[in-house]
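The values are calculated or read from the model by the stated rules, or taken from the named source; none is laboratory data. Worth saying up front: this structure is predicted, and the values here are computed from it rather than measured. Ideal geometry is used to build each Cβ from the backbone, glycine not excepted, and the neighbour counts take in all protein chains shown.
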Amino acid sequence: MDTKTTSLRRKIKVLIVDDSIVFREGLARGISSDSAIEVVATAPDPYVARDKIIEHNPDVMTLDVEMPKMNGIEFLKRLMPQYPIPVVVVSSISENVFDALNAGAVDFVTKPNLKEHRGLESFINELVIKIKIASTAKVGHWKKDISKIQLLNEGNTISSNKVIAIGASTGGTEAIASIISSFSKDMPGIVVVQHMPPVFTKMYADRLNNSCFMEVKEAKDGDKVSSGTVLIAPGDYQMKLKKSGDVYYVECKKGEKVSGHCPSVDVLFTSVADTARKNAIGVILTGMGSDGAKGLLLMKKNGARTIGQDQKSSVVYGMPKVAYEIEAVEKQVSLEKIPQAILSMIK
């Protein structure tokens, strides 16, 4: 692409909201060094931020969670129904990020440890990537309250030798929650890769466990995949499905990134294709990039049933799009219809 074409491409307009002036200015300097981003304004609290949104119409907002006057989560709850804007939350390591994602944020990054060598630099790099992804995200649609979703498979007899494998990235935390919360505790075992850093995968699993009928936990090496359980791949570990006799279990090991990620959906799906073959169902959900597409295609070739989330209900239609285009997806449906699609394939 020539420079003339590049210069015609509009920069992503970003609003930074953080109560620390030092952090605000450091953030503005850091992300502005990327030629695709323009920081149009900064704000010390949600009240100033509201005015800046109206004045500058930013494409993406970065938002601190802990702030005076009104915290970031309360701000999101008030802002999103009236003025949906892609938000990347900047937070310390805390379960607050899941409340923020539930309130409509697209993604999160954790505040850097400034004592670590290159801590700030890698934080800025990660934030720049997530701002670019957020600028393509759909935030105008609202999810239904997952507590109101009826249990779909209560009282139905379901084959227990099946394995359900789910992979997701940006927008996936809420998508996975909406699917799993609609299942009763006699569902076949479910294995999940959601792109997420260490520590957060355990927080996420614990949070899901408190709102679902199935038992949800962060996977450990050797954990059995059995009816009524959901295993979430731990951050920074590659998770594979294995089998000993009639028993499925997971192997979780430190490993290189695959398809740009650790854990990688491709690693999980490929192992499911090899191990469970026709007894598996693969589900690929919202997310940027192509992780999971090749693994899902292998699952389909080995006799598994496969489902992809459709464009309209995806926050980012990247991973499901690539999978659909290479014909890895047998059935493409909206997020709302995925639980029913899974059930009809199991019976």
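Within segment 72-93, the set of residues being in contact with a strand residue (DSSP E or B) (Cβ under 9 Å, 6 or more places away or on another chain) and not in a helix (DSSP H, G or I) comprises ILE85, PRO86, VAL87, VAL88, VAL89, VAL90, SER91, SER92, ILE93. Condition test on PRO58, is it over 21 Å from PHE98 (Cα atoms), buried (at least 20 other Cβ atoms within 10 Å of the Cβ) and either of a type outside the set (A, V, I, L, M, F, W, C) or outside the structural domain of ASN102 (by TED's automatic domain parsing) (or both)? So PRO58 passes the test. Could you go through segment 243-262 and let me know if any residue there is buried (at least 21 other Cβ atoms within 10 Å of the Cβ) and in contact with a Pro (Cβ under 7 Å, 6 or more places away or on another chain). Checked against the condition, which is being buried (at least 21 other Cβ atoms within 10 Å of the Cβ) and in contact with a Pro (Cβ under 7 Å, 6 or more places away or on another chain), segment 243-262 yields no hits at all. Consider LYS115 carefully, then state whether it is surrounded by fewer than 18 Cβ atoms within 10 Å (Cβ to Cβ), assigned to a loop (DSSP other than H, G, I, E, B), touching a Pro at 6+ places or on another chain (Cβ under 9 Å) and at pLDDT below 95. Taking the combined requirement at face value, the residue does not satisfy it. Taken as a whole, the structure places GLY255 among residues that are under 23 Å from MET203 (Cβ atoms), over 16 Å from the mean Cα position of the chain (by Cα), among the small types (Gly, Ala, Ser) and at pLDDT below 95.
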